[in-house]
Amino acid sequence: MPVKFNIKWFINTIFNSYSQVFFSENKLFGILLLVISFFDLEAGFYGLLSVITANLTAYILGFDRISLTEGLYGYNALLVGLGIGYLFDPGFVLTAIVIFGALLTLFITVSFQSILLGYGLPFLSLPFLLALWFILLATKDFNSIEFSEKSIYVYNELYAVGGKNLVDFYIWIQNFPIWQPVKIYLLSLAAIFFQTNVIAGLLIAFGLLYYSRIAFTLSVTGFAVVYLFYYFIGADFSALGYTFIGFNYILTSIAVGGIFVIASFRSFFWTVLLLPLTVIFTAGLMHIFRVWNLPVYALPFNLTVLLFIYVLKQRRIRHGKLIDSFVKQATPEQSLYLHHIITEELKNKNYFPIHLPVKGNWYINQGHNGAYTHKDKWQHAWDFVIVDEDRKQFSGTGDLLTDYYDWDKPVFAPASGIVAEIKDGIPDNIIGDINTAHNWGNTIVIKHTESLYSQLSHLKEGSIMVQKGDFVRKGQRIGKIGNSGHSPYPHLHFQLQATPYIGSETLEYPLHNYIVNTSQNPVLVNFGIPVEKEVVAPAHVDVILSNALHLIPGKKLSVTNENGRQSIWNVYKDIWNQTYIVDRKHKVSAYFFENESGLFQTNYYGNRQADLFIFFSALYNVNKAFYKHTKVTGSIRPDLFFNKSLTLLQDFAAPFYVFLKTEFSLTYVDKDDEYLADTVYLKSQITGKVFGRYKRQMDFDITIHKSGDMEIKMKQTGKKLKIKPE
């Protein structure tokens, strides 16, 4: 949905431009930073003028609306305006330079965004640096503007802003016995917005704490590390108090420790390792830039962060010890909590869905890294057979092909695609024999995407029902189980690969939406890798659940609660291509994604007393396949269910230990009729735990009708919802 110009939206782009300096989109934080920027009136005015110019130009020229809304086009221009306003005396000429400087910064920003995006890198504050350096060099030939001397007359500036009371407060702060490192930390925070007083730094620190406890902790931790390192190497730490370089360490700590990497003990560890590199960059660059009489500003921060992110992206193995932030969230805390509770469905939602190539129950007699042939480059594969209750693959003596339960059984396309390769005409082996000359036997290779192919091998001679170049649909019958190639008994070999050649190296790739049959209740798997000795079957989508939970943009739901109050929920898709339900009357929204296998909630915004939160909680994770007594489980972000005081404590501890846990389970209870059902009954439960001990529970009874109508009842409060599609 395109963003239309209106004053409220445009003002929000301005606030986001301020908060984006700290990688935030928090409007209140942005407002605070805007106010702080006016502690220096000229700097504040020119900063605001610059960001308005950049954002308005970006809108008029039709640049990316998402980046504009987030403030990504404005924050570099803001910094340029602040810098010019701080360094030079105000005037008509300077105003013109600020406007043209904002345009230059915007064009550099858009260019850097395009260039660095190809490498998966952010542009950070590189546009600000280049634009301000060019302006500083150019102004050496501009006789109409002069450098400002206002920093010499601090009291006059403060008096102009807040009168005698502000001057007295500033003197009191200046004389307050603040430990030198704390004072320099606050001055470094203030320097990010070209402010030179402790008051500005103190307010920014409170704003940073309000926006993110993790970001605040990282800023303090990083600065403490640098203080110790300066002491260790014998450098002058006090220089940070009167130069615009101390903020490099604060921004580096926040970026590396919690923004571009999920906050954890290891992210803090790497922050500690990288900060001495930032110090080295800072010291070296200051000597280089002294030749041109230019300040280094935020260049050390940019170099350190970009270098580290680029190095991380070159890793061959991305294990769970240092994780890139893969989904944009509002705060480091939300990114961390999402990482902890992420479901397999959410992790794999961008995967092309590959299904089991068989129908009914099948036994995996060799899985990944199997004992026989699934080794080395071909380790990620499955062998499927049919077994009886005694795990035997055949009846009778097992000497004949026809004795085997899976012999001549149909094979189906695991997903839609184009047949890339076929091998047929290889005779089926007698039991116990193998054909080493034609290892894979009769085989079909199907292309699903540019780098994803499926291979189905050891098929029965003459059973292949498609030709090379044919388009096949998911579930289409394509051949039969045989015993050709390196196969001593009938079975189906199935693998995923990146190339179209028979026998290509295998890929470790999850299968989508299947059932694991156990001695108790079957287990529904949205995305997973079946393992050896499991009995699996494709999950069949239930028509009632599929109809009711098909929430496409444009759909409307009429909702009536237990008090008879009615409201309308609308389904939309935002500019980030995320689907959500919104209740405009109560100003709440629930984000989700839905596919053929289920409905999966991802986030909730607004008052948790609203009816929409009941829907979000009760149907947090629903697979559309109905198997009686099966369960779907998951975890929910703890900050959505615990009170603010507990969540606040958890935020500080979260990188090291998550003691708040919120678990979700949904049980498929029954249908009103086993064969011609009109209604299905579900139960769901949310359990909150503190240090592993029960703290809070929410239980829901859910009834879903063939018409798409739903009823949800929360047991603890008696709240009821009747939801009807319009």
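At a glance:
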{"quantity": "Listed values [x] 1.10; [y] 1.22; [z] 1.16, entry calculated as Cα Rg over 2.2 N^0.38 Å", "calculated": "[z]"}
{"quantity": "Degrees separating the helix 180-191 axis from the principal Cα axis of the chain, which is the longest one", "calculated": "80 degrees"}
{"quantity": "Zone of N165's modelled label, taken as backbone nitrogen in segment 28-49 under 20 Å from a point 7 Å along Cα→Cβ", "calculated": "32, 35-41"}
{"quantity": "At R0 = 41 Å, FRET efficiency that the Cβ-Cβ distance of S519 and K724 yields, to 0.05", "calculated": "0.50"}
{"quantity": "Burial ordering of T633, T331, fewest other beta-carbon atoms within 10 Å first", "calculated": "T633, T331"}
{"quantity": "For segment 360-440, with +1 on Lys and Arg beta carbons and -1 on Asp and Glu, the positive-most of Q393, N361, V419 along the dipole", "calculated": "V419"}
{"quantity": "Acute angle (nearest 10 degrees) that the helix 213-233 long axis makes with the longest principal axis of the chain, alpha-carbon atoms", "calculated": "60 degrees"}
{"quantity": "Electrostatic dipole magnitude of segment 362-538 [Cβ: Lys, Arg +1; Asp, Glu -1; Cα centre; debye, to 20]", "calculated": "480 debye"}
{"quantity": "Simple spin-label estimate for K689 and F206 in nanometres, 7 Å along Cα-Cβ", "calculated": "3.9 nm"}
{"quantity": "Rg(Cα) / (2.2 N^0.38 Å) computed for segment 179-331, rounded to two decimals", "calculated": "1.04"}
{"quantity": "Residues L68, L61, L130 arranged by fewest to most Cβ contacts within 10 Å", "calculated": "L61, L130, L68"}
{"quantity": "Separation in nanometres of the label points that stand 7 Å from Cα toward Cβ, at Y351 and D399", "calculated": "4.4 nm"}
{"quantity": "Sparsely packed GluC sites (Glu not before Pro) within segment 432-541, loop by DSSP, other Cβ within 10 Å at most 15", "calculated": "E450, E505, E508"}
{"quantity": "Listed residues W440, H458, A610: farthest to the positive end of the dipole of the chain (Cβ charges)", "calculated": "A610"}
{"quantity": "Entries in K624/K720; K474/K624; K377/K480; K628/K671; K631/K724; K628/K706 that, when Cα-Cα distance is taken, lie over 20 Å", "calculated": "K624/K720; K377/K480; K631/K724"}
{"quantity": "Trypsin sites (Lys or Arg not before Pro) within segment 614-667, DSSP loop, no more than 14 other Cβ atoms inside 10 Å", "calculated": "K628"}
{"quantity": "Estimated inter-spin distance, A330 and N561, nm [label 7 Å along Cα→Cβ]", "calculated": "2.0 nm"}
{"quantity": "Potential lengthening between Y572 and N595 on full extension [0.36 nm per residue; Cα-Cα distance subtracted]", "calculated": "6.7 nm"}
{"quantity": "Reach of K683 by Cα under 12 Å, taken over aspartates and glutamates that are not fewer than 8 positions away in the same chain", "calculated": "D670, D699, D701, E711"}
{"quantity": "Rg(Cα)/(2.2 N^0.38 Å) for segment 10-135, N = residue count", "calculated": "0.96"}
{"quantity": "Dipole magnitude of the chain about its Cα centre (Cβ charges: Lys, Arg +1; Asp, Glu -1), debye to nearest 20", "calculated": "1280 debye"}
{"quantity": "Net charge, K468 excluded, C-beta distance under 13 Å - Lys, Arg +1, Asp, Glu -1", "calculated": "-1"}
{"quantity": "Helical mean residue ellipticity (222 nm; -39500 (n - 2.57) per DSSP H run of 4+; nearest 500) of the chain", "calculated": "-11500 deg cm²/dmol"}
{"quantity": "In segment 365-445, the chymotrypsin sites (Phe, Trp or Tyr not before Pro) that fall in loop regions by DSSP, at most 14 other Cβ within 10 Å", "calculated": "Y372"}
{"quantity": "For segment 614-680: relative contact order, % (alpha-carbon pairs under 8 angstrom, 6 or more apart)", "calculated": "38 percent"}
{"quantity": "Extension gain, E674 back to L228 (0.36 nm per residue minus Cα-Cα distance, nm)", "calculated": "153.5 nm"}
{"quantity": "Value of relative contact order over segment 1-148, rounded to a whole percent, pairs C-alpha under 8 Å and six or more apart", "calculated": "23 percent"}
{"quantity": "Principal axis dimensions, largest first and in whole angstrom, of segment 544-725 by Cα", "calculated": "51, 37, 34"}
{"quantity": "Additional length obtainable on full extension of the chain from T95 to D141, 0.36 nm per residue less Cα span", "calculated": "14.9 nm"}
{"quantity": "Span from the segment 468-520 Cα centroid across to the segment 552-579 one, whole angstrom", "calculated": "41 Å"}
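We did not get these values from a lab; they are worked out from the coordinates using the rules stated. Quick caveat, the model's predicted, so the values are computed rather than measured. No Cβ is skipped: glycine too gets one built from the backbone with ideal geometry, and neighbour counts run over all protein chains shown.
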